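The values are calculated or read from the model by the stated rules, or taken from the named source; none is laboratory data. Being a predicted model, the structure only gives us computed values, none of them experimental. Note that each Cβ is placed from the backbone with ideal geometry, even for glycine, and that neighbours are counted across all protein chains shown.
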């Protein structure tokens with residue numbers, strides 16, 4: 001293929017990729033990737049802890065009682081059950097989380113941070129908040145953030 005297209009193919013491509021809906025998708029994706037890359041790099045500057053493990057620890061630390069069902073972790077981290085299992089295996093081997101039976105429903109597995117996991121969450125959480133301040137809160141006004149949060153929540157909830 002020589003990289004050229006006939007007129008009808010070029011017109012179809014222009015019509016497809018000239019659609020204004022690309023801008024919303026593209027900007028959301030680019031903003032997410034740019035901010036996450038920066039924050040992840042600052043939370044784990046040496047790459048010593050995967051971003052997904054930090055996210056897991058932050059989610060557990062922010063949850064009342066510091067425990068979640070595995071299905072809730074899968075949903076919160078927007079990942080597959082297979083990926084969640086691997087993530088929990090890795091975090092458990094590193095001594096950051098434990099898994100146990102639900103007190104009233106033996107079919108349910110709960111995940112809880114260990115004392116070491118809470119220590120990691122606290123240390124890296126401070127870094128994440130400072131980074132979030134720099135890359136989000138210092139860029140947007142308080143009013144823009146108060147508008148952004150419900151919009152992002154609506155998009156997230158509609159796609160879970």
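Criterion first (within 21 Å of residue 38 (Cβ to Cβ) and either part of a strand (DSSP E or B) or within 15 Å of the chain's Cα centre (by Cα) (or both)) does residue 149 satisfy it? Taking the combined requirement at face value, the residue satisfies it. Of the helices (runs of 4 or more DSSP H) lying entirely inside region 2-82, the ones with 2 or more residues being loosely packed, with under 10 Cβ neighbours inside 10 Å are found at 7-17, 21-43.
Return the residue satisfying two criteria in turn: it lies in region 126-138 and is out of contact with any helix residue (DSSP H, G or I) (no Cβ under 6 Å at 6 or more places or on another chain) and surrounded by 12 or more Cβ atoms within 10 Å (Cβ to Cβ), and of such residues it is farthest from residue 94 (Cα to Cα). Applying the filter and picking the extreme gives 137. Scanning region 95-109 for residues that are modelled with pLDDT of 95 or more and on the phi < 0 side of the Ramachandran plot gives 96, 97, 98, 99.
Conditions tested, residue by residue: (1) assigned to a helix (DSSP H, G or I); (2) touching a residue at least 40 places away in the same chain (Cβ under 8 Å).
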residue	(1), (2)
99	no, no
110	no, yes
120	yes, yes
128	yes, yes
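Looking only at residues in region 21-48 that are over 23 Å from residue 148 (Cα atoms) and out of contact with any helix residue (DSSP H, G or I) (no Cβ under 7 Å at 6 or more places or on another chain), the one that is modelled with the highest pLDDT is 41. The set of residues in region 130-144 that are part of a helix (DSSP H, G or I) and more than 16 Å from residue 55 (Cα to Cα) comprises 133, 134, 135, 136, 137, 142, 143, 144.
Considering only region 93-108, I want to know if a residue exists there that is crowded, with 16+ Cβ neighbours inside 10 Å and over 24 Å from residue 156 (Cα atoms). Yes, there is a match, as at least one residue in region 93-108 is crowded, with 16+ Cβ neighbours inside 10 Å and over 24 Å from residue 156 (Cα atoms).
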